[in-house]
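After the structure tokens below, expect a handful of questions from me.
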Amino acid sequence: MDKILYGKKEIVEIISNIFSMENKSDLTFYKNIFDSNIFSSIISTNYDYAVEENFLNLIKINTPFNVSHDESGRIAFYKIYGDYKDRDKFIISTQDIKRVKMLAFYDEFWEKLRAEFNKRPTILFAVNLEDKIFLDVLDFIIAKTDRLQPIYLYAGEEIDRLLADKDIINFINKYSIEIIKGENKEFIPNIKEKFYGEKKKW
């Protein structure tokens, strides 16, 4: 057990070093997300702290280990894999994932997350659907919703590769996911044009 924990500690240090460098990067995309006033919640599989460290006053954080009961109008921010700064409260192995999916202690988090899919449309953006573990987690969440709203997948040139994957095709068909094609840098303008009729400015 000590050996396993020590290994996880080392992993935490590696992740911390990686994301501490990434957090110095351009925050324009995040700023545009918050300034757009389009999104009511953000669901993230990232380990980094870019959002918390730079936009903490705009979000209410939820992880499988800590569910926020903040009823303010701030954006709900869900970190599916938890908080790497606390090695007992973040998910990094398939065993960790099985545990948080099965144990009743984590049900509140999953139900809160499912409620988001019931309330409003969901846009899958910058997600790695080729990651079969993540695809399974996404299916675990969506399959148990009872009033599922439309789901969209925003993707660029990689969509042709994704659509050649049988598991991804089955997932897309299962939930009638509509594909929105566009470049990442045009995400906000494309979403505004599709859902709000705002023409892009060139």
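The values are calculated or read from the model by the stated rules, or taken from the named source; none is laboratory data. All values derive from a computational prediction rather than experimental measurement. Because the Cβ atoms are built from the backbone with ideal geometry, glycine has one as well, and the counts that use them run over all protein chains shown.
Based on this model, can you work out whether Ile42 counts as of a type outside the set (Gly, Ala, Ser), surrounded by 14 or more Cβ atoms within 10 Å (Cβ to Cβ), touching a Phe, Trp or Tyr at 6+ places or on another chain (Cβ under 9 Å) and at pLDDT below 95? Write out each step before concluding.
On the way: of a type outside the set (Gly, Ala, Ser): yes; surrounded by 14 or more Cβ atoms within 10 Å (Cβ to Cβ): yes; touching a Phe, Trp or Tyr at 6+ places or on another chain (Cβ under 9 Å): yes; at pLDDT below 95: no.
The answer is no for Ile42.
Continuing with this model, one more query. Six or more apart or on different chains, Cβ atoms under 8 Å: show the pairs whose first residue is in the stretch 114-134 and on the phi > 0 side of the Ramachandran plot and whose second is assigned to a helix (DSSP H, G or I).
Once the first residue is on the phi > 0 side of the Ramachandran plot and sits in the stretch 114-134, its partners that are assigned to a helix (DSSP H, G or I) give Ala126/Asn184.
Of all residues in the stretch 1-39, count the ones that are within 27 Å of Lys192 (Cα to Cα) and at pLDDT 65 or above.
Residues that pass the stated criteria total 14.
Out of everything in the stretch 73-99 that is more than 16 Å from the chain's Cα centre (by Cα) and touching a residue at least 24 places away in the same chain (Cβ under 8 Å), what residue ends up being farthest from Asn62 (Cα to Cα)?
Let us first name the residues in the stretch 73-99 that are more than 16 Å from the chain's Cα centre (by Cα), namely 73-74, 85-89, 93-96, 98-99.
In the following step, the residues that additionally are touching a residue at least 24 places away in the same chain (Cβ under 8 Å) were identified as 85, 87, 89, 94.
On the way: Lys85: 15, Arg87: 16, Lys89: 12, Thr94: 21 Å.
Looking at residues that are more than 16 Å from the chain's Cα centre (by Cα) and touching a residue at least 24 places away in the same chain (Cβ under 8 Å), I get Thr94.
OK, next. Please determine whether any residue of the stretch 169-189 is assigned to a strand (DSSP E or B), free of Cβ contacts under 8 Å to residues at least 60 places away in the same chain and acidic (Asp, Glu). Break it down into steps so the answer makes sense when it comes.
Just the residues of the stretch 169-189 that are assigned to a strand (DSSP E or B), to begin with: 178-181.
Those still in the list that are free of Cβ contacts under 8 Å to residues at least 60 places away in the same chain too: 178-181.
When the remaining residues are screened for being acidic (Asp, Glu), the result is 178.
Checked the stretch 169-189: at least one residue is assigned to a strand (DSSP E or B), free of Cβ contacts under 8 Å to residues at least 60 places away in the same chain and acidic (Asp, Glu).
Scan the stretch 82-137 for residues that are among the basic types (Lys, Arg) and within 26 Å of Ile191 (Cβ to Cβ) and report the count. Please lay out each step first, then the result.
First pass over the stretch 82-137, keeping only residues among the basic types (Lys, Arg): 85, 87, 89, 98-99, 101, 112, 114, 119-120, 132.
Then keep just the ones that are within 26 Å of Ile191 (Cβ to Cβ); that gives 112, 114, 119-120.
Residues in the stretch 82-137 being among the basic types (Lys, Arg) and within 26 Å of Ile191 (Cβ to Cβ): 4 in total.
Still on this model: Checking Ile123 against (1) modelled with pLDDT under 95; (2) surrounded by 17 or more Cβ atoms within 10 Å (Cβ to Cβ); (3) not hydroxyl-bearing (Ser, Thr, Tyr), which test does it fail?
(1)
Within the group Asn66, Asn62, Asn57, which residue is surrounded by fewer than 14 Cβ atoms within 10 Å (Cβ to Cβ) and out of contact with any Asp or Glu (no Cβ under 9 Å at 6 or more places or on another chain)? Walk me through it before giving the result.
Details: Asn66 fails: out of contact with any Asp or Glu (no Cβ under 9 Å at 6 or more places or on another chain); Asn62 fails: surrounded by fewer than 14 Cβ atoms within 10 Å (Cβ to Cβ).
The match here is Asn57.
Ok, one more. Does the stretch 73-102 hold any residues that are among the aliphatic types (A, V, I, L, M), out of contact with any Ser or Thr (no Cβ under 8 Å at 6 or more places or on another chain) and outside any loop (DSSP other than H, G, I, E, B), and which are they? Before you say what the answer is, go through the steps one by one.
Our first condition is that a residue be among the aliphatic types (A, V, I, L, M); within the stretch 73-102, this holds for 75-76, 80, 91-92, 97, 100, 102.
Retained after the next criterion (residues that are out of contact with any Ser or Thr (no Cβ under 8 Å at 6 or more places or on another chain)): 91-92, 97, 100, 102.
Those that are among the aliphatic types (A, V, I, L, M), out of contact with any Ser or Thr (no Cβ under 8 Å at 6 or more places or on another chain) and outside any loop (DSSP other than H, G, I, E, B): Ile97, Val100, Met102.
Determine, yes or no, whether Phe105 is part of a helix (DSSP H, G or I), more than 17 Å from Thr45 (Cα to Cα) and touching a Pro at 6+ places or on another chain (Cβ under 9 Å). First the steps, then the outcome.
Values: part of a helix (DSSP H, G or I): yes; more than 17 Å from Thr45 (Cα to Cα): yes; touching a Pro at 6+ places or on another chain (Cβ under 9 Å): yes.
When the stated conditions are applied, Phe105 passes them.
Take the stretch 126-167 and flag every residue that is aromatic (Phe, Trp, Tyr) and buried (at least 17 other Cβ atoms within 10 Å of the Cβ).
Tyr152, Tyr154
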